[in-house]
1. Once phi is turned into θ = phi - 60°, what whole-Hz ³J(HN,Hα) does the Karplus curve with 6.51, -1.76 and 1.60 give for every residue of region 62-74, x standing for Gly and Pro?
2. Tell me the label-point distance for the pair L67, A20, using the 7 Å Cα-to-Cβ offset, in nm and rounded to one decimal.
3. From the Cα trace of region 48-115, what convex hull volume per residue do you get, rounded to a whole Å³?
4. Given q = 0.22 Å⁻¹, what are the Debye log10 I(q)/I(0) values for region 16-130, with equal point scatterers placed on the Cα positions and solvent ignored?
5. Could you work out how much longer the chain between E106 and I76 gets when fully extended? Use 0.36 nm per residue separation minus the Cα distance between them, nm to one decimal.
Amino acid sequence: MGLKNMKVSIGLVFAIVAQAFGIIWYVAQLDSTVSSLNTTVYALEEQATNIDIAVLNTDVDNLKEELLDLKRMIEILAEELKNKEFDSSHLERSIEHLEEVYAKIEDEVDTLEARDLVIENEMRTIMSDHSGFNDILKDMGKGGYGDNRQYGDYK
């Protein structure tokens, strides 16, 4: 029995062709989705970084102002001691103010540490997603899809 005598059903040929077109369409959609997600992740990452930097800069500026206030208060106390016009009530108010400032700085440091933990967690999530994209693209490359982009592998 040779190839000349072999009969193939038109329905079978149509089913194979339909499956081939379906696979091609699926891979094209998957590539489009990965490209879209990559663009979205990059934009969100850039936006989050810019916001976090702006917030941290504001916090640093506030801390600088508080330190300048402390320096001014120390200078006033030093001047009063130099002139021997020492007023203990002013010293008590200054100490109370210093304690308030210290408490504010402690709160701001706690807030900054909490933000840092959130940022670190978000970056781990982004890096994990990119690593997953990389695995998908590698698997697609083994199947004949010719995309050479690399995601993940962060150190």
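1. Couplings: 5, 5, 4, 4, 4, 5, 5, 4, 4, 4, 4, 5, 5 Hz.
2. Inter-label distance under the simple model: 7.1 nm.
3. On the way: hull volume 4.1 nm³, N = 68.
It comes to 60 Å³ per residue, whole-number rounded.
4. -1.16
5. Details: separation 30, 0.36 × 30 = 10.80 nm, distance 2.43 nm.
The E106-I76 span can extend by a further 8.4 nm.
No value in this document is a laboratory result; all are computed from the given coordinates. Treat the numbers as computed from the prediction; the structure is a model and nothing was measured. With ideal geometry, Cβ positions are generated from the backbone for all residues, glycine too; neighbour counts draw on all protein chains shown.
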